[in-house]
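The values are calculated or read from the model by the stated rules, or taken from the named source; none is laboratory data. Given the structure is predicted, the values throughout are model-derived calculations rather than measurements. All Cβ positions, even for glycine, are placed from backbone atoms using ideal geometry, and neighbour counts span all protein chains on display. Quick note on the areas: whole protein, heavy atoms, side chains included, nothing else; ligands and nucleic acids left out. Shrake-Rupley method; radii C 1.70, N 1.55, O 1.52, S 1.80 Å.
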Amino acid sequence: MIKHPVSIAGILLALFATAGTALVAVTNDLTADRIAENERQALLSSLSALVPMEQIDNDIVSDTITVREPDLLGGEETLVYLGHKQGKPVAAVFASVVPNGYSGPIKLLVAVHSDGTLGGVRVISHKETPGLGDKIEESRSDWIHSFDGKSLSNPKFSRWKVKKDGGDFDQFTGATITPRAIVAAVKNTLIYFDKHRESLFPDTRKAEQK
């Protein structure tokens, strides 16, 4: 007498679970394209802030290469977005990682023009202390714009440090570790670009040789 209602309850539970799983699967299928497009537009917005769309004529979001040099770029592999105009290189945007932020890794977009000058830097994600380290965000401070137009020779190579360490870049009151780490990461990205400038635009190089 007891087993019958228990069996019915088990069957109903299984049916509800199956229906729920199917509903989630259908919802995911319906929203996956929208989510992917929203993510693409957010990325495009960040990239266009560093490399204005009028400066390029290719799809910079999909025109990418993956490079590997953890000592300079932070991550095991680094995605690089490439901007061209009429087949000529305009800029490379590195999805660099700052491994030694105060509260953990900091993800950056670092745009380097083909002449080696910085198009700009943006912080994509971080876990720095609110009110101190979060001043690296563009919405909270203009500090991140201090990299605009800089290069390995401007300031001098030896001045690529925060002022507390004898360099040219400001630090934050009570928070030196975060800006120190970002300055070093941006400098290292410029070093990588300088070392590998020719190999970053392989298709362009082939076109010029024809």
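With a Förster radius of 22 Å applied to the beta-carbon distance between Gln41 and Glu137, the computed FRET efficiency rounds to 0.65.
Per residue, the accessible area of the range 56-199 comes to 47 Å² when a 1.4 Å probe rolls over the protein heavy atoms. Mind running the shape call on the range 95-154? Use the C-alpha gyration tensor, a ≥ b ≥ c as the square roots of the eigenvalues: rounded below 1.5 for a/c, prolate if a/b tops b/c, oblate otherwise. Verdict is prolate for the range 95-154. One equal scatterer on each Cα of the range 147-205, no solvent, Debye formula: the resulting log10 I(q)/I(0) at q = 0.22 Å⁻¹ is -0.84.
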